[in-house]
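The values are calculated or read from the model by the stated rules, or taken from the named source; none is laboratory data. Please read all numbers here as calculations on a predicted model, not as lab measurements. Note that each Cβ is placed from the backbone with ideal geometry, even for glycine, and that neighbours are counted across all protein chains shown. Ligands, DNA and RNA are stripped out before the accessible areas are found, and what is left, the full protein with its side chains, is counted by its heavy atoms. Shrake-Rupley method; radii C 1.70, N 1.55, O 1.52, S 1.80 Å.
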Protein chains: 2
Amino acid sequence: MAGLKQVQRQTGVALWRQIADRIREAIGNGAYDETGMVPPETVLALQFGVNRHTVRSALAALAQEGIVRAVQGRGTLIERKERLSFPITRRTRFTAGIGDQAREMRSLLLDEVTEEASVEVARWLGLKPGAQVIRLETLREADRRPVSKATSWFPAERFAGIGEAYGKHQSITKAFAELGLADYVRATTEVTAAHADTADLADLELTPGAILLIAKAMNTDLDGVPVQYSISRFAADRVQFTIEN
Amino acid sequence: MAGLKQVQRQTGVALWRQIADRIREAIGNGAYDETGMVPPETVLALQFGVNRHTVRSALAALAQEGIVRAVQGRGTLIERKERLSFPITRRTRFTAGIGDQAREMRSLLLDEVTEEASVEVARWLGLKPGAQVIRLETLREADRRPVSKATSWFPAERFAGIGEAYGKHQSITKAFAELGLADYVRATTEVTAAHADTADLADLELTPGAILLIAKAMNTDLDGVPVQYSISRFAADRVQFTIEN
DNA sequence: TGCAATTGTCTATATCAATAGACATTTCGA
DNA sequence: TCGAAATGTCTATTGATATAGACAATTGCA
């Protein structure tokens, strides 16, 4: 791992961005924990085989994100470094899952819509396409940093008023409880990764080219009846999923 | 979903690459299944709000990857479209997991090294740092398309000769069996996503900017003793993970 | 056949990305 | 206090990226 960190040219991805991505990831992996600083620009330029100005562009981007802060004469200090671990189990819950990894958890209800189920949503919820479903758009934060954006669908008939309940409790679990569903379990999770689109970039405070970890999840009640289908989009450099079998 | 597909400028990621990524993903999601073709260049240019030449650069990149093929006078045909589903369960096995989703599975042993365990590897395998471990680098293909590249570590003492056994059987399960381990289970999986580095780009036949789904997994024998720690890197546009709870 | 739709090719121009070198400014320790 | 080490700023040059417009070549259909 001590080897040369390589970047590629003429690929449509600017060198400074490739380098920024590598450094951001290295910080997340604790590579520079000993000093609390990124190596000097001249050293990085040598490691990546590029000009010092190119490294400076990368560091400027990271500074813009609030990840590092350059101090003239000293070096480039690491400001923030976080990778939350998000467990996926039969009892997956967002807030409880993050648990003590963050001091403050927040959940914002961005939008609530009642609509007809698409083919995909109907299949996951065990409904007929066109059946009424409630869609919630939510944004979840840990210590004031956006962590994930989620789109959730619920059968409209059974969970009327879930948007209001969610807004009040900022928790799916508590919203379910208020509507008479005491417990539920995670039945299936599909994980993919993709580039973030413009809307997600803005809400998650990411820069273009950023990666999303995408979890498509279906929850059921204790009788196995689907109660929620959701597509959650996580900032890949801030979280990892853990699956304990 | 019918809305404007937006791309961003001055982000270090060329517009043509952002557009190529979007189209590749749309193809993977079956967006153009009805026609089997990508919309005309002029239409895409309008949708993305860019010049037709920029769209052409994106399509040229996808053609280079073998995903589409442009035919003058007709349009741009979709050549290949695949997203394998890879289940993660207590009994996760690569070959069996992909199962009937591909006609032909192959597994190549790229390298075998006996080395001292790093802190991370030692922790996962329950060894002392510096203990002897065998590291295997493997490349797995489905229907001649590279799917994932994996680095695996095994306790050297218990599994001496596993490289040879793997090379013979092209299967971890069968290699374990030959060495006297009849059964094993997946204990823990951590999933993250990141940009591919140069070596992985080449082996997985990806283009820079491509995303990897990364699974760090630990397998144990039936007594709960760690037998394997692996870091598998999957081409994110070719696979998804499914977790059934 | 002829035309509409579509991809292919060429020229020109402006902006972004990357390199190169020089020198200023700040910090910290010998 | 001086100097080494580090970041900050400036100029200049080259190649990649993106736009713009015009027209050629191919396909398929009326």
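Calculate the length of the line joining the C-alpha centroid of the range B:38-106 to that of the range A:125-141, in whole Å.
Each part's Cα centre sits 28 Å from the other's.
So, for chain B, what is the accessible surface per residue at a probe of 1.4 Å, expressed in square angstrom? List each step's numbers first, then the result.
Working: 11360 Å² over 245 residues.
Heavy-atom SASA per residue in chain B reads 46 Å².
May I ask you to report, in nm to one decimal and beginning with the shortest, the distances from B:E164 to the same position in the other copies, taking label points 7 Å along Cα-to-Cβ?
Shortest to longest, the spacings are 7.3 nm.
Could you compute how much accessible surface A:Y166 exposes when probed at 1.4 Å, giving the result in Å² to the nearest 10?
Surface accessible to solvent at A:Y166 totals approximately 10 Å².
What does the copy distance list look like for A:A182, label position 7 Å along Cα→Cβ, in nm and ordered from shortest?
From this label point to the equivalent ones elsewhere in the assembly: 4.3 nm.
With +1 on the Cβ of every Lys and Arg and -1 on the Cβ of every Asp and Glu, and nothing else charged, how large is the dipole of the range B:141-245 about its Cα centre, in debye rounded to the nearest 20? If you can, show how the numbers build up before the last one.
On the way: 10 positive and 15 negative charges, 23 e Å.
For this selection, approximately 100 debye.
Given H placed 1.01 Å from N in the peptide plane, which residues other than close sequence neighbours of A:A187 have an amide H under 5 Å from its amide H?
So A:A187 has HN proximity to A:M218, A:N219, A:T220.
From the phi of every residue in the range B:21-27, what ³J(HN,Hα) in whole Hz does the Karplus formula 6.51 cos²θ - 1.76 cosθ + 1.60 yield, where θ is phi - 60° and glycine or proline is x?
Values, residue by residue: 4, 5, 5, 4, 5, 4, 4 Hz.
What residue in chain B has the Cβ closest to the axis turning B into A, and how close is it in whole Å?
B:A193, 2
Remind me, relative contact order of chain B in percent, using alpha carbon pairs under 8 angstrom and six or more residues apart? Spell out each step's value before the answer.
Values: 430 pairs, mean separation 41.0, N = 245.
So the answer I get is 17 percent.
Using per-residue counts of other Cβ atoms within 10 Å, averaged over each peptide, order B:124-133, B:138-147 from highest down. Could you put the intermediate results ahead of the total?
On the way: B:124-133: 16.0, B:138-147: 18.4.
Descending packing order for the listed peptides: B:138-147, B:124-133.
Go ahead and estimate [θ] at 222 nm for chain B from helices alone: -39,500 (n - 2.57) per DSSP H run with n ≥ 4, summed, over the residue count, rounded to 500. Please list the in-between numbers first.
Working: 8 runs with 68 residues, N = 245.
Mean residue ellipticity, 222 nm, calculated: -7500 deg cm²/dmol.
Pairs of alpha-carbon atoms within less than 8 angstrom and 6+ residues apart define the contacts here; what relative contact order does the range A:121-203 have, in percent? Write out the running numbers ahead of the final one.
Values: 70 pairs, mean separation 16.8, N = 83.
Across the range A:121-203, relative contact order equals 20 percent.
For peptide B:194-203, compute the average count of partner chain beta-carbon atoms within 10 Å of each residue's beta-carbon.
Mean partner shielding for this stretch: 4.
Looking at the square roots a ≥ b ≥ c of the eigenvalues of the Cα gyration tensor of the range A:180-245, which shape do they give, rounded for a/c under 1.5, prolate if a/b is larger than b/c, or oblate? All intermediate terms of the calculation are to be shown ahead of the outcome.
Details: a/c = 3.02, a/b = 2.14, b/c = 1.41.
Judged from the Cα gyration tensor, the range A:180-245 comes out prolate (a/c at least 1.5, a/b above b/c).
Taking a quarter of the surface of the convex hull around the Cα atoms of chain B, what do you get in nm²? Provide the component values of the computation, followed by the final result.
Details: hull surface 61.3 nm².
Dividing the Cα hull surface by four gives the mean projection, 15.3 nm².
Using only alpha carbon positions, build the gyration tensor of the range B:136-238, then give the equivalent ellipsoid semi-axes as the square roots of 5 times its eigenvalues, largest first, whole angstrom. Spell out each step's value before the answer.
On the way: eigenvalues 139, 47, 23 Å².
Sorted largest first and rounded, they come to 26, 15, 11 Å.
Which of A:T192, A:A177, A:T54 sits closest to the plus end of the dipole of chain A, meaning its Cα is farthest towards the positive end, when Lys and Arg get +1 and Asp and Glu get -1 on the C-beta?
A:T54
Express the relative contact order of the range A:15-78 as a whole percentage, based on alpha carbon pairs under 8 Å and six or more residues apart in sequence.
RCO, the range A:15-78: 39 percent.
Note down the Stokes-Einstein diffusion coefficient of the range A:138-189 in µm²/s, whole number, using a Kirkwood radius over alpha carbon pairs, 20 °C, and 1.002 mPa s.
Working: Rh = 12.2 Å.
In µm²/s, the coefficient rounds to 176.
Charges only on Cβ, +1 for Lys and Arg, -1 for Asp and Glu: so what's the dipole of the protein assembly as shown about the Cα centre, in debye to the nearest 20? Don't skip to the answer; put the middle values down first.
Details: 62 positive and 62 negative charges, 171 e Å.
It comes to approximately 820 debye.
Can you pull the mean other chain C-beta count within 10 Å for peptide B:85-93?
Details: counts 2, 2, 1, 6, 2, 3, 1, 2, 0.
Per residue, the average neighbour count from other chains is 2.
Using θ = phi - 60° and the Karplus relation 6.51 cos²θ - 1.76 cosθ + 1.60, list the HN-Hα couplings for the range B:74-81 in order, rounded to whole Hz, with x at every Gly or Pro.
Residue by residue, the range B:74-81 yields 9, x, 10, 8, 7, 8, 9, 6 Hz.
When the distances between all Cα atoms of the range A:15-78 are binned every 5 Å from zero, what whole-number percent does each bin get?
4, 20, 33, 30, 12, 1
Shape verdict for the protein assembly as shown, please, from the Cα gyration tensor: rounded (a/c under 1.5), prolate (a/b greater than b/c) or oblate. Walk me through the numbers before you get to the answer.
Details: a/c = 1.25, a/b = 1.10, b/c = 1.14.
Note, shape of the protein assembly as shown comes out rounded.
Using a label position 7 Å from Cα in the Cα→Cβ direction, what is the ascending list of nm distances from A:R80 to the same site in the other copies?
4.0
Once you put a point 7 Å from the Cα of A:D111 and another 7 Å from the Cα of A:E157, both along the Cβ direction, what distance in nm separates them?
2.7 nm
Cut-off under 16 Å on the C-alpha distance; same-chain residues fewer than 8 positions from B:K216 excluded. Which lysines are left, in chain and number order?
List returned: B:K149.
Which order do you get for A:H53, B:H169 if you rank them by accessible area with a 1.4 Å probe, largest at the top?
Values: A:H53 125, B:H169 65 Å².
Result, largest first: A:H53, B:H169.
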